[in-house]
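Chemist: Quick one: structure below, then a few questions.
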Amino acid sequence: MTTEAWFVAAVVVAVLVALWREIASPSVITFSGVVVLLVSGTIDADQAFSGFSNPAPITVAALFVVASAVSKTGAIDSLTGYLLGTSGETRRPMVRLLAPTVAVSGFVNNIPLVAMLMPRVTSWARQRGLDVSKFLMPLSFGAILGGMLTVIGTSTNLVVSGTMTTAGMEPLGFFETGVVGLPIAVGGIILIVALSPRLLASRRSAGSEFDVEHRHYTIEMTVNEGGPVDGKTVVGAGLRALSGVFLVSIDRGDTTIAPATPKTVLRGGNTLRFAGQIEQVLDLQRIPGLTLADHRQIAELPHPTAEYFTVVIGSDSPMVGRTLKEVGFRARYQAAVIAIHRADHRIEQKLGEIDIRLGDTLVVVADPAFRARWQNRSDFLIVAPMDGSETPKAPGSARTLLILVAMIVLAALDVVPILQGALVAALALITIGILTPDEARRAVDLEVIGVIASAFGLAAAVESSGLATQISEGLVDLFGGIGSRGVLLGVVVATVLITELVTNNAAALLMFPIAVAAAPAAALDPRGMAVAVAIAASTSFLTPIGYQTNTMVYGPGGYRFTDYIRLGLPVTTLVVIVLVSAIPWVYAA
């Protein structure tokens, strides 16, 4: 390879490693890579910033606004009760849930779709004594499968379509990905329904653990100096036999006593850590001589109207890798964290000193407007009330649904390009008052837009430096021995692996020039390779971090990392098999 190609390869690898290790936000990392390539002279300004003038990120931004209106008005909420039905077993309601979810996800952004369905599915399952974990991961997988049906089903399809235009090819047709995506979706539904009841272990979500396991909610209380409790033993203070509450440990500052014995003497300034159900733990505030350790934060909240919420941390959150203290949670969010749920175990460390991780579920107390302020921000993937109640839907669901259907029909019939259609739909929703301008602005995920726009520059460098040609030739040498389908297999598998490590859009943009360069060796129309990359980049079923909807259900479903591999591996294998079998048949050169 040339020196320039080696340099581009080094920059791309550095970007991928940085994305994988989450050392900064994805948009900052990808844009930094583009800046390095621009300053070094590897690409020019037109190539570096081509993504900012490409229709793809603008279309994605407009569709975020449309999806926000659908979520706000509950335009498709009425389907939920009908979908799940009244059955008390698992497979039949799963079919009734997955089939429409897949269909709707082909036309509505799957992140708000999953956010809308999660509380309803959770409530429905609990009422019938079913494990929520049996439904939430299939819900996420179904939304991902649905994105393969149309060009607007996922931002990845729009990104590939925009890249095709830049490369001098016709953009993707509205249902073009569905030619291959439909059999994948149907096969995926069958596979999920057949395997998930067996492969997904029973898990408890953060919320259900509070109801069933009294020790999964912790709170810290301080012994008031000179108060009624100061100098008394645990038994003498009446803290040994509390109903539904357990004294976990006593922190004296220089030492920690765990577990606390009945004869342990309490001293002023000691921090007592209790665990139990939310209602009983909050009753500890009524014990004379005890004060909430974070009473200053809680006191600033409007107690008469305070509510409890669960929030899920996504990869774009500024909280990832930082403690609550470092974030300044109370000042930033006007809320106080009272518990953290991680994967399938309780966290008992001091809350303010825990490094927040991707997928963590935080329980916070805040004013009722907390959800409205933060539900469309990148800080949290999802915000839901602890009691499962739902925010009243805004009026205008019929008008929103009409605008959505009109946009889809006009774009599908090629009457209006999807870019213009999405922009007009977004403006119409603002004009008729469904969304305010501020709500529309907050609906756009700038992190996603930033990654898409910046990654175009990386893709341009991969192609212009000759790196794409070199890698494609390597794939031919490695997989060409098993025929033309072997080359396609190499491209698909490489795309799937990259999308699990980084973002799906970045994976698609990086693999696109490589796939197109390898098309002749695979005896394929380059268009077929483009479709294969678009679908493979959306094939994120193996980890909770590869796709946002997987992260959204991670904590609420109580899943472990390995749960995704168990169910995701068969689904991923199905996608690879269908792509390698169908693409050559549809797009033979």
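The values are calculated or read from the model by the stated rules, or taken from the named source; none is laboratory data. Everything quoted here is computed from the prediction, not taken from an experiment. Neighbour counts run over all protein chains shown; Cβ positions are idealised from the backbone, glycine included. Surface accessibility is based on the protein's heavy atoms, side chains included, excluding ligands, DNA and RNA. Shrake-Rupley method; radii C 1.70, N 1.55, O 1.52, S 1.80 Å.
Chemist: Enter the angle in degrees (range 0 to 90, nearest 10) between the Cα long axis of helix 418-431 and the first principal axis of the Cα atoms of the chain, meaning the one along which they spread out most.
Modeler: 40 degrees
Chemist: Still on this structure, I have one more. How big is D for the stretch 482-589, in µm² s⁻¹ as a whole number, if Stokes-Einstein is applied with the Kirkwood radius of its Cα pairs at 20 °C and 1.002 mPa s?
Modeler: 152 µm²/s
Chemist: I'd like to check one number: the per residue accessible area of the chain, probe 1.4 Å, reported in Å² as a whole number.
Modeler: Accessible surface, normalised per residue, equals 40 Å².
Chemist: How big is the stretch 128-172 by Rg and Dmax over its Cα atoms, in Å?
Modeler: Answer for the stretch 128-172, Rg first and Dmax second: 16.2, 55 Å.
Chemist: Over the chain, what percent of the accessible surface lies on carbon and sulfur atoms, probe 1.4 Å?
Modeler: 60 percent
Chemist: At q = 0.05, 0.10 Å⁻¹, what log₁₀ I(q)/I(0) does a Debye calculation on the Cα points of the chain give, no solvent, two decimals?
Modeler: So the normalised log intensities work out to -0.24, -0.87.
Chemist: For the Cα atoms of the chain, what angle does the longest principal axis make with the long axis of helix 110-127, in degrees from 0 to 90, nearest 10?
Modeler: In the chain, helix 110-127 runs at an angle near 40 degrees to the longest axis.
Chemist: Go ahead and estimate [θ] at 222 nm for the chain from helices alone: -39,500 (n - 2.57) per DSSP H run with n ≥ 4, summed, over the residue count, rounded to 500.
Modeler: Calculated mean residue ellipticity at 222 nm is -17000 deg cm²/dmol.
Chemist: For LYS263, which lysines qualify as cross-link partners when the Cα separation must be under 22 Å and same-chain residues fewer than eight apart are set aside?
Modeler: LYS232
Chemist: Then there's this: Round to the nearest 10 and give me the degree value, 0 to 90, for the angle of helix 91-105's Cα axis relative to the longest principal axis of the chain.
Modeler: Rounded to the nearest ten degrees, it is 60.
Chemist: Given a Förster distance of 25 Å, report the FRET efficiency between ALA523 and VAL409 from their Cβ-Cβ distance, rounded to the nearest 0.05.
Modeler: 0.10
Chemist: With +1 assigned to the C-beta of every Lys and Arg and -1 to the C-beta of every Asp and Glu, and no other charges, what is the dipole magnitude of the chain about the Cα centre in debye, to the nearest 20?
Modeler: Computed about the Cα centre, the dipole is about 1580 debye.
Chemist: Strictly greater than 17 Å: what percent of every Cα pair in the stretch 422-493 meets that?
Modeler: Distances greater than 17 Å cover 66 percent of the Cα pairs.
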